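First up is the structure itself, then whatever we jot down about it.
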């Protein structure tokens, strides 16, 4: 079985099925025609370009914030909702730096999927966002809702080894980190991508954050796009609404 290719939950597949995400599982869920659930992932930077890692509650697995896109939501709306639900941050606490061009997908091994969901649910497809914290560490709150995802968090270097991530998600993490590394704020000394002199000029307001437009890409005004880079922020969704599941079907965040 292919486990990763161009979409989040480590051992969280079983956890999501059996724990507090049952409302999303048993309500109307969104799967594409290939059986992947639309999802967003978040790479959150601090001012030193370290990234936020959360320890999944009652496990030893660490991961980035993530979650499913609900019916009627855009990827950006889902990203800000998940940012608040899992990390306690508001849009005013972050700046949007960039996002992945395409959906990144991973398949979930059968042993992590309920038997009655097999043949319907294959895995996740994700849009990944690179955000920078402009607030303070004290703004982070893992208990912002009554269904916390994490019970601990820490800052790590951008290129930390991924051995603490469940194996079938590591490929997607590598793809997201690699694609978005070129957009790291240029005070990151090890970043070798931000050498271009082109700066987008058209201001645009989005979610309370001042962004500049380069083609279809919205970047924070302090970010320069490297020469020749292209970025399409609106991959087609082509969602298919699954019928109301009975206890014979299930999907996960």
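Just so you know, all these numbers are worked out from the coordinates, no wet-lab data involved. None of the values given here were measured: they were computed from a predicted structure. Counting neighbours? That spans all protein chains shown, and the Cβs are built from the backbone with ideal geometry, glycine included.
Might you let me know whether the range 154-170 holds any residue that is more than 13 Å from the chain's Cα centre (by Cα), part of a loop (DSSP other than H, G, I, E, B) and at positive phi? It would help to see each step written out before you state the result.
Step one: list which residues in the range 154-170 are more than 13 Å from the chain's Cα centre (by Cα), which gives 154-168, 170.
This time we only want the ones that are part of a loop (DSSP other than H, G, I, E, B), so: 157-166.
Next, from what is left, pick out any that are at positive phi: none.
Looking for residues that are more than 13 Å from the chain's Cα centre (by Cα), part of a loop (DSSP other than H, G, I, E, B) and at positive phi, one finds none in the range 154-170, hence no.
Looking only at the range 98-143, count every residue that is part of a strand (DSSP E or B) and within 15 Å of residue 39 (Cβ to Cβ) and tell me the total.
Selection size over the range 98-143: 12.
Please tell me if residue 95 is within 16 Å of the chain's Cα centre (by Cα), assigned to a loop (DSSP other than H, G, I, E, B) and within 25 Å of residue 158 (Cβ to Cβ).
Details: within 16 Å of the chain's Cα centre (by Cα): yes; assigned to a loop (DSSP other than H, G, I, E, B): no; within 25 Å of residue 158 (Cβ to Cβ): yes.
For residue 95, the condition - within 16 Å of the chain's Cα centre (by Cα), assigned to a loop (DSSP other than H, G, I, E, B) and within 25 Å of residue 158 (Cβ to Cβ) - is not met.
If residue 132 meets every condition in (1) touching a helix residue (DSSP H, G or I) at 6+ places or on another chain (Cβ under 9 Å); (2) surrounded by 13 or more Cβ atoms within 10 Å (Cβ to Cβ); (3) within 22 Å of residue 177 (Cα to Cα) apart from one, which number is that one?
(1)
Which residues, taken from the range 29-61, are touching a helix residue (DSSP H, G or I) at 6+ places or on another chain (Cβ under 9 Å) and assigned to a loop (DSSP other than H, G, I, E, B)? Quick ask: steps written out before the conclusion?
The first filter runs over the range 29-61 and keeps only residues touching a helix residue (DSSP H, G or I) at 6+ places or on another chain (Cβ under 9 Å), leaving 38-44, 46, 51-52, 54, 56-59, 61.
Correct list: 46, 57, 58, 59, 61.
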